[in-house]
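The values are calculated or read from the model by the stated rules, or taken from the named source; none is laboratory data. Values in this document were obtained by computation on a predicted structure and should not be read as measured data. Please note: Cβ atoms are built from the backbone with ideal geometry, for glycine as well, and neighbour counts cover all protein chains shown. Keep in mind that these areas ignore ligands, DNA and RNA; they rest on the heavy atoms of the full protein, side chains included. Shrake-Rupley method; radii C 1.70, N 1.55, O 1.52, S 1.80 Å.
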Amino acid sequence: MPRLDLARLKSEWFGNVRGDTIAAMAVALALIPEAIAFSIIAGVDPKVGLYASFTIAVTAAIFGGRPGMISAATGAMALLMITLVKHHGLEYLFAATILTGVLQVGFRLLRLSRYMKFVPRSVMTGFVNALAILIFMAQLPQFEGANWQMFAMVGAGLAIIYGLPRITKAVPSPLVAIVVLTGVSLVLGLDLRTVGDMGQLPTALPFFHIPEVPFTFETLKIIGPYAVALAMVGLIESLLTASVVDEMTDTSSNKHAEAKGQGIANIVTGFFGGMAGCAMIGQSVINVKSGGRGRLSTFLAGVFLLGFILVLGEWVAAIPMGALVAVMFMVSFSTFEWASLKGMKVMPIPETIVMVATVGTVVATHDLAMGVLVGIVLSAVFFARHVAKLIQVTSTTDRAGSRIYVVTGELFFVSVEAFVQAFDFREALERVEIDLTHAHVWDASAVAAVDRVVLKFKARGVEVVFTGVNEPSALLLDKLATHDKPGAALSVH
């Protein structure tokens, strides 16, 4: 077994050195503007996002479950940090990041990632679309009090980002847009805010730092809700991205290990001056399409990212904010699933409602976790209503004049009313047989419904007999039912 593990590790790390190295350089160049932009969204210095992208990429490469997937600072996570940073400051963000990682490792130990498969597609689509809208909205404050040059810079940036790929795809168009627009701004001396105006850039490697917050229950009350939301959103996006990479590479990945890897990465970045992050769909796609397949591509992407920043720090500080806004608009447009709008014409109405409700909740509350929760609850309600309609009760009479009710379907809290209403308690009978061969009793509500039916018949002097009860249903009825207990019929009126 150890040999097999060593062979697997060797393949994952060194099975595609040339392709992983080239892809890592492309990803690192594309990560720079996004990491800076996500830092600005969160309200922190650009170095926080850059340090996070470095430490998360390197750590996730070692401990993650999906080789070739890129993890770093992301827009989804940055959006959840805004209020925390604004009201409590950077140190509380570091503490929340560490707690986020601890929770994600806990999810791995409890194997909760297996339940991600129960998140419906419509909720996932709503989550992604809401994320795109929030990223777009987060750029709008950059236009407050801006001059015409800002609008021209954003327009020119979008023109380069979407126009250059028609000519060549040899280099990432967002990077070209940033280089060109920075050069134009410096040459013409344009009056624009730059990245350097937004905060400090890294000048050295990150160092170990324990968050300077009180180690009290009050601190936990502050960071706890943010950490829970960050942990949930981070795992949702990471496992969704892992599935995308699985399909692109026709390989499988260990989702439980990915939950652990993301958790360890966030713990490490919290102690090294970074913000919480997760897997990135866009950058992972770039990595795979550029030839990246192994863990080495993720590891080197983080190393190259920090290396480029340390070497080119002065130039990065001169990047105009208009160029970054253009890049983030591109991220927003590419994140949104435009096909979902066309699909609304043919999608079942309940699924459309779930998707729209998820988007609406997120946009209204700026809480991605709340949107997912609302979507899941709505999906469960619609599913329960659908299942409730599948319960059927038919009846016949035998030669002795007894009424036989045949129940087909799932008997649980949603379907109990339809079950009870299917019986005719006014019919003059001596004996009723209830056939549960094709039914299953699931919960206490179902048992209570059975009690209601039996006791109503008994109150009228009708004998009730059950047939075809499967073993799990019989165990539940034996444990919870009261119709066969002494005096039970006396409580029925």
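Here the range 327-348 is scanned for amide nitrogen atoms under 12 Å from the site 7 Å beyond the Cα of LYS289 along Cα-to-Cβ, giving 334-335.
Of the accessible area of the chain, computed with a 1.4 Å probe over protein heavy atoms only, carbon and sulfur atoms account for 65 percent. Placing pseudo-labels 7 Å out from each Cα toward the beta carbon at ALA364 and THR251 gives an inter-label distance of 4.4 nm. The range 390-423 and the range 1-43 have Cα centres separated by 60 Å.
Computed over neighbours whose Cβ is under 15 Å from that of GLY322, the net charge equals -2, Lys and Arg +1, Asp and Glu -1. Modelled spin labels at SER402 and LEU140, positioned 7 Å past Cα toward Cβ, are 7.0 nm from each other. If you count only protein heavy atoms with a 1.4 Å probe, what accessible area per residue comes out for the range 81-188, rounded to a whole Å²? With all protein chains present, the range 81-188 gives 51 Å² per residue. Once semi-axes √(5λ) of the Cα gyration tensor in Å is calculated for the structure shown, the corresponding label among (1) 46, 26, 19; (2) 62, 25, 19; (3) 57, 24, 22 turns out to be (3). With all protein chains in place and ligands, DNA and RNA left out, the 1.4 Å accessible area ranks ASP451, ASP45, ASP484 as ASP484, ASP45, ASP451, largest first. Classify the range 336-480 as rounded, prolate or oblate from the Cα gyration tensor: take a ≥ b ≥ c as the square roots of its eigenvalues, call it rounded if a/c is under 1.5, otherwise prolate when a/b beats b/c and oblate if not. Because a/c hits 1.5 or more and a/b exceeds b/c, the range 336-480 counts as prolate. Counting only DSSP beta bridges whose two residues both lie in the chain, roughly 40 percent are antiparallel. Rounded, prolate or oblate, given the Cα gyration tensor of the range 140-259, with a/c below 1.5 counting as rounded? Oblate, because a/c is 1.5 or more while a/b does not exceed b/c. Computed from label points 7 Å out along Cα-Cβ, the spacing between ALA422 and LYS345 is 4.0 nm. Each helix, a run of at least 4 DSSP H residues, gives -39500 (n - 2.57); summed and divided by the residues of the chain, these come to -21000 deg cm²/dmol at 222 nm. A Förster distance of 30 Å, applied to the separation of the beta-carbon atoms of LYS169 and ILE133, puts the FRET efficiency at 0.65. Applying 1/(1 + (r/R0)^6) with r as the Cβ-Cβ distance of LEU110 and ARG193 and R0 = 45 angstrom yields a FRET efficiency of 0.50. Normalised by the number of residues in the range 227-353, the mean separation of alpha-carbon contacts (under 8 Å, six or more apart) gives a relative contact order of 22 percent. Each Cα pair under 8 Å and six or more residues apart adds its sequence gap; the mean of these over the residue count of the range 46-122 is a relative contact order of 19 percent. Fully extending the segment from GLU410 to HIS386 would add 7.5 nm, taking 0.36 nm per residue of separation and subtracting the current Cα-Cα distance. Of the residues GLY468, MET344, THR203, the one whose Cα sits farthest towards the positive end of the charge dipole of the chain is GLY468 (charges of +1 on Lys and Arg Cβ, -1 on Asp and Glu Cβ, taken about the Cα centre).
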